[in-house]
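First up is the structure itself, then whatever we jot down about it.
The values are calculated or read from the model by the stated rules, or taken from the named source; none is laboratory data. Being a predicted model, the structure only gives us computed values, none of them experimental. Note that each Cβ is placed from the backbone with ideal geometry, even for glycine, and that neighbours are counted across all protein chains shown.
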Amino acid sequence: GHIRGGLGYVAIIASVLFAGLSGSAVADTAALGAILIPMMVKAGYNRNRSAGLIAAGGIIAPIIPPSIPMIIFGVTSGVSITKLFMAGIVPGILLGISLAICWWWVTRKDQVEVLPRQSAKEIWRATREAFWALLLPVIIVGGLRGGVFTPTEAAVVAAFYALIVGLCIYRELKVKDLFHVLVAAAKTTSVVMFLVAAAMVSAWLITVANIPAIVTDVLAPFIDHPLALLLAINALVLLVGTAMDLTPTVLILTPVLMPIIEKAGIDPVYFGVLFILNNCIGLLTPPVGTVLNVACGVAKINMEDIMKGVWPFLLVETLLLLLLIFFPSLVTVPLGWFAGH
């Protein structure tokens, strides 16, 4: 925080780190917003822009493993969840870099309070205290990369590790709290499973109504032109994302789009990353914009105000999506390395 605009960079780095812990855009936005937005406003940053940055950083969570939407996409499409996780690492980091560049640009003339520089001793103490928490994403990615466990087993390892660290090392979690933690986890899981159940019904209705064939006919002229097909599909998903939340969109559109993607010869893992990123951008677009609504609640502002603050970051993230469409190697090359190919 000792450099100009420093709290914004802190927010972006924290978003990337939290992404490796939760996999939920809403959870990250709520947690970071509650801590950082009051700090940023107190330091003289524009409230709307600060809330916009936190919201834009929150959507990094579904891209970097362990991503909840990628698990849902993998289960629905039959694509390897491990490969999806590995493919999301570099795009997630690129999101963070893009936001940092955008933040530098929009705050370059702001007159804000610069915090005192922390000593090396204080930095070392904070890093040492955070070590056990920061080790969690390393264990998840390392275990998947090394073939030690599957994504399902990784979830068990992560939950057990977090339990031990919370109870025995940080001691912020008490034994008496475990019942409430389990109930909260059950509620969250049940919401997703109800959505899955409803989406299965929707998928059946879509199939009976022959909608996949209709969509295929509409997109047929693009089948022999993968780039044009990806642009058309992503334009469709961006439009749908303004009116539907991420999970229902993934569950309903995946069975419709995957046959077209396979017929066009597009790498399904690469498409999965684009698809999830596109749906994440939908979390920042009104009127639904789940992440926007969470950021509004935390920052105590209305939708109109946060749109004034979020639009530069939304634009940059959309441009990054286009960059990944035009340059697939940004996803496929790192995937090959992470997957050990």
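For Val79, state whether it is in contact with a Phe, Trp or Tyr (Cβ under 8 Å, 6 or more places away or on another chain) and either under 21 Å from Thr332 (Cα atoms) or of a type in the set (S, T, N, Q) (or both).
Yes.
Quick one: Leu284 ticks every box in (1) crowded, with 20+ Cβ neighbours inside 10 Å; (2) more than 23 Å from Ile68 (Cα to Cα) bar one, so which box is it?
(2)
Report whether or not Ala130 is of a type in the set (Gly, Ala, Ser), in contact (Cβ under 8 Å) with a residue 24 or more places away in the chain and either in a helix (DSSP H, G or I) or surrounded by 15 or more Cβ atoms within 10 Å (Cβ to Cβ) (or both).
Here the answer is no, as Ala130 does not meet what is asked.
Does the range 295-333 hold any residues that are of a type in the set (Val, Ile, Thr), in a helix (DSSP H, G or I) and in contact (Cβ under 8 Å) with a residue 12 or more places away in the chain, and which are they?
Val298, Ile306, Val310, Val316, Thr318, Ile325, Val331, Thr332
Within the range 42-92, work out how many residues are more than 22 Å from Gly289 (Cα to Cα), in contact with a helix residue (DSSP H, G or I) (Cβ under 7 Å, 6 or more places away or on another chain) and of a type in the set (Val, Ile, Thr).
6
It is to be established whether one or more residues within the range 22-42 are touching a Gly at 6+ places or on another chain (Cβ under 7 Å) and surrounded by fewer than 22 Cβ atoms within 10 Å (Cβ to Cβ).
no
Going residue by residue through the range 29-40, is there one that turns out to be within 30 Å of Leu251 (Cβ to Cβ), outside any helix (DSSP H, G or I) and at pLDDT below 95?
Checked the range 29-40: no residue is within 30 Å of Leu251 (Cβ to Cβ), outside any helix (DSSP H, G or I) and at pLDDT below 95.
Could you tell me which of the residues Val215, Val196, Val181 is surrounded by 10 or more Cβ atoms within 10 Å (Cβ to Cβ), within 21 Å of Ala27 (Cβ to Cβ) and at pLDDT below 80?
The match here is Val196.
Just to check your reading of the model, which residue among Val90, Val10, Val112, Val75 is under 24 Å from Thr318 (Cβ atoms) and of a type outside the set (Asp, Glu)?
It is Val90.
Tell me yes or no: at least one residue of the range 141-150 is modelled with pLDDT under 90, within 16 Å of Gly23 (Cα to Cα) and of a type outside the set (Asp, Glu).
Checked against the condition, which is being modelled with pLDDT under 90, within 16 Å of Gly23 (Cα to Cα) and of a type outside the set (Asp, Glu), the range 141-150 yields at least one hit.
Restricting to the range 162-176, name every residue that is assigned to a helix (DSSP H, G or I) and basic (Lys, Arg).
Residue satisfying the conditions is Lys176 alone.
Take Leu115 and decide whether it is at pLDDT below 85, touching a Gly at 6+ places or on another chain (Cβ under 6 Å) and either under 24 Å from Met70 (Cα atoms) or of a type outside the set (Ser, Thr, Tyr) (or both).
Yes; evaluated as a whole, the condition is true for this residue.
Which residues, counting only those in the range 240-260, are among the hydrophobic types (A, V, I, L, M, F, W, C) and in contact with a Gly (Cβ under 9 Å, 6 or more places away or on another chain)?
Val240, Ala243, Met244, Leu246, Met258
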